[in-house]
Amino acid sequence: MVDHLFRSRAGQMVSYLTRLLGPDQLDLAEEVVQEALLKALQKWPYSGIPENPAGWLFHVARNAALDAIRHRTLAGEKSVDVTADRIRSAAIDREIDPALEDQLRDDELCMVLMCCHPALPRDARVALSLKTVGGFSTREIARAFLSDEATIAQRIVRAKRQIRDDGIRFELPAGKDLAVRLDSALEVIYLMFNEGYAAQSGEDLVRRDLCQEALRLARLLASSSVNNPQVHALVALIALQTARLPARVDSAGELVLLEDQDRSLWDRRLVGLGFHHFAQSAEGPLLSAYHIQAAIAAIHAGAGKTEDTDWKAILELYDQLMDLSPSPVVVLNRAVAISKIRGPEAALAALRPLAEDRSLRNYYLLPAVQGHLHFDLGDKETAAQYFQQALDLPCSEPEKRFLRRKLGECS
Amino acid sequence: MPQYMLLLYDDPSHWMTISPEEMQKAIEKFVGWREKLVNQKILVGSHKLMDEPGKVMRGKGQVRVTDGPYSETKEVLGGYFLIEAADYREAVDRTRDCPGLEYGGTIEVRQVDPMVPRD
């Protein structure tokens with residue numbers, strides 16, 4: 001079976017059925033899809049995998065939807081009756097032909113844009129997209145976001161209720177509405193990606209799956225009618241960064257910094273994909289924050305050796321990013337670029353304004369970077385204090401081991 | 001070669017909260033295990049049974065037919081594999097790595113009584 005077939009087809013089937021049943025029946029769509037997958041789980045161990053697994057799943061999900069509607073109609077619910085015909089006549093056979101594949105992509109797109117409606121709270125948009133389009137379970141979403149299952153489940157239930165109450169429609173928005181929704185979708189995908197990428201753990205595969213799902217959704221937008229240079233920039237950014245994942249942890253499970261990575265381990269296919277979309281992002285006058293971040297990732301990806309990295313160009317890009325969308329994290333990353341050109345002291349000076357910033361209070365990377373800079377200055381005592389401070393903040397196991405190693409080098 | 005029936009029981013409610021990704025993983029494990037039996041040329045057949053209830057028939061003359069059986073435990077008979085093995089020890093050994101066990105199910109192993117008694 002194709003990797004992640006169930007996960008990705010689950011998203012497509014839910015989207016497809018939601019179009020037929022209406023957004024207020026999103027729960028029903030999810031239920032029947034789960035039922036179809038469950039049937040496969042019960043049957044395929046004995047029968048083997050059918051010739052066309054996706055077609056099999058679609059067929060069973062469709063029948064389950066018809067059954068559910070029949071039950072509800074018998075129970076006196078009028079609202080779902082009209083949809084039965086629509087499902088009965090839906091072109092679902094055991095084969096999924098190219099026309100249906102196109103339809104499925106459109107449906108997924110509509111679903112992403114529905115889940116990313118700006119009326120929904122941002123957290124809910126991310127969780128709902130992962131659940132409905134991504135085919136993630138609430139437990140998996142909770143694990144990926146280091147949250148608990150009940151919180152995520154509640155977030156999703158509320159979002160669905162709001163979709164019903166606000167009458168948010170399952171359709172491709174037009175004009176200004178489309179631009180707003182697309183921005184929101186890009187933000188959701190970016191958050192998804194960051195969450196997966198920031199994990200750095202490699203120990204929990206679900207988080208790596210977040211990067212893959214973000215890439216899949218970004219590519220879905222890029223290959224659709226709603227694509228624009230910003231979408232391509234986001235695909236480029238995600239692809240170029242995801243390409244580095246295999247090199248971030250060595251065979252012993254230890255964290256490897258970008259400058260020490262074995263660049264031959266970078267995923268060439270993803271690097272190629274990233275540059276392809278980066279080129280397409282250059283069309284038009286718009287320069288978004290995604291463009292700048294993609295450009296930074298492209299410089300790293302283009303450097304065959306660490307020493308070849310064009311830090312001057314990177315610093316210029318961070319300067320632009322500071323103008324366009326300043327944030328404490330940008331200040332931090334920019335300081336790293338400064339250290340490569342003007343040395344650790346200049347970098348520490350650039351970090352000084354962050355001392356007052358409360359949003360980075362629990363962000364271990366700030367003291368970790370400060371530790372590095374003091375270490376480079378030869379002040380091992382101060383460096384040790386910062387590494388210790390970083391260790392006291394939440395971070396993954398490989399990160400902890402890395403910081404402990406650094407701390408050891410200080411004494 | 002003697003034949004053994006492997007009857008797989010499991011608790012369907014166990015699967016209710018499992019994610020699509022986890023389902024696919026479980027299926028792949030099962031398919032891999034089944035494939036191994038095929039490659040060893042010891043798989044005679046395997047079928048999933050339709051979900052309960054089936055029919056239970058009793059009595060002579062006036063046969064009573066009822067729905068059932070309803071399991072008294074949460075575990076239900078899901079399906080069977082029919083394999084060949086030299087003896088119970090070998091049949092059990094070949095079943096040891098069946099994914100059904102990993103996922104909390106129970107397997108009943110029963111030798112098929114041959115039509116013609118062996119010497």
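Here are some notes:
- Average partner coverage of A:6-14, which counts Cβ from other chains inside 10 Å: 3
- Note on chain A: with a GNM built from Cα contacts shorter than 10 Å, the maximum mean-square fluctuation among A:15, A:327, A:184 falls on A:327.
- Accessible area buried between chains B and A, both sides summed, probe 1.4 Å, in Å² to nearest 100: 2200 Å²
- Taking every protein chain into account, the 1.4 Å probe leaves residue A:276 with about 100 Å² of accessible area, to the nearest ten.
- Loop-located GluC sites (Glu not before Pro) across region A:185-291 with a Cβ neighbour count of 15 or fewer within 10 Å are A:203, A:254, A:283, with loop assigned by DSSP.
- Per the Debye formula on identical point scatterers at the alpha carbon atoms of region A:20-75, with no solvent, log10 I(q)/I(0) at q = 0.19, 0.24, 0.26 Å⁻¹ is -0.68, -0.93, -1.02.
- Residue B:111/residue B:70 FRET efficiency (R0 35 Å; Cβ-Cβ; nearest 0.05): 0.80
- Within the same chain, aspartates and glutamates fewer than 8 places from residue A:43 are excluded, and of the rest, those with a Cα less than 18 Å from its Cα are A:35, A:51, B:10, B:11, B:21, B:22, B:28, B:35, B:51, B:52, B:75, B:102.
- Radius of gyration and maximum dimension Dmax of chain A, Cα, Å: 23.8, 79
- The distance separating the Cα centre of region A:1-69 from that of region B:1-29 comes to 18 Å.
- Shape analysis of region A:195-311 yields a ratio of the Cα radius of gyration to the Kirkwood radius, Rg/Rh, of 0.98.
- Reference-scaled alpha-carbon Rg (2.2 N^0.38 Å with N residues) for region A:324-411: 1.04
- On a per residue basis, chain A carries 45 Å² of accessible surface, using protein heavy atoms and a 1.4 Å probe.
- Cross-link pairs A:380/A:400; A:400/B:25; A:305/B:25 - those with Cα-Cα distance over 28 Å: A:400/B:25; A:305/B:25
- For region A:97-168, the C-alpha radius of gyration divided by 2.2 N^0.38 Å, with N the number of residues, is 1.18.
- Between residue A:311 and residue A:377, the simple spin-label model (points 7 angstrom out along Cα→Cβ) gives 1.6 nm.
- For region B:1-77, GluC sites (Glu not before Pro) are listed when DSSP marks them as loop and at most 14 other Cβ atoms sit within 10 Å of their Cβ; the list is B:72.
- Reduced Cα scattering model of region A:309-351, Debye log10 I(q)/I(0), q = 0.14, 0.17, 0.30 Å⁻¹: -0.26, -0.38, -1.04
- Each stretch of four or more DSSP H residues adds -39500 (n - 2.57); spread over every residue of the protein assembly as shown, this sum gives -19000 deg cm²/dmol at 222 nm.
- Grouping the Cα pair distances of region B:49-119 into 5 Å bins from zero gives a pair-distance distribution of 3, 11, 16, 16, 16, 15, 12, 7, 3, 0 percent in increasing distance order.
- Rounded if a/c under 1.5, otherwise prolate or oblate - region A:1-131, Cα gyration tensor axes: oblate
- Accessible surface computed residue by residue for region B:16-82, with neighbouring protein chains in place and a 1.4 Å probe, gives 67 Å² per residue.
- For residue A:355 and residue A:52, the difference between the fully extended length at 0.36 nm per residue and the C-alpha to C-alpha distance is 103.3 nm.
- Taking only protein heavy atoms and a 1.4 Å probe, the accessible area of region A:231-348 is 55% carbon and sulfur.
- For the pair residue A:254 and residue A:287, a Förster radius of 25 Å applied to the C-beta separation gives a FRET efficiency near 0.10, rounded to the nearest 0.05.
- Principal axes of chain B: Cα extent on each, largest first, Å: 51, 47, 19
- When you restrict to C-alpha pairs under 8 Å that are six or more residues apart and normalise by the size of region A:136-225, the relative contact order lands at 24 percent.
- Per residue Cα convex hull volume in Å³ - calculated over region A:144-232: 105 Å³
- Efficiency of FRET between residue A:279 and residue A:1 - r from beta-carbon atoms, R0 30 angstrom, step 0.05: 0.30
- For the pair residue A:164 and residue A:176, the difference between a 0.36 nm per residue extended length and the Cα-Cα distance amounts to 2.1 nm.
- Take each residue of peptide A:136-143, count the partner chain Cβ atoms within 10 Å of its Cβ, and average: the result is 3.
- Label-point separation, residue A:95 to residue A:148 (7 Å along Cα→Cβ), nm: 5.2 nm
- Highest average packing first - A:152-158, A:138-144, A:31-37, A:399-405, Cβ atoms within 10 Å: A:31-37, A:138-144, A:152-158, A:399-405
- Dimensions (Å) - region A:252-366, Cα atoms, principal axes, largest first: 44, 42, 27
- Per DSSP, loop trypsin sites (Lys or Arg not before Pro) in region B:83-114 with at most 11 further Cβ within 10 Å: B:96
The values are calculated or read from the model by the stated rules, or taken from the named source; none is laboratory data. All values derive from a computational prediction rather than experimental measurement. Cβ: placed from backbone, ideal geometry, glycine included. Neighbour counts: every protein chain shown. Heavy atoms of the whole protein, side chains included, go into the accessibility calculation; ligands, DNA and RNA do not. Shrake-Rupley method; radii C 1.70, N 1.55, O 1.52, S 1.80 Å.
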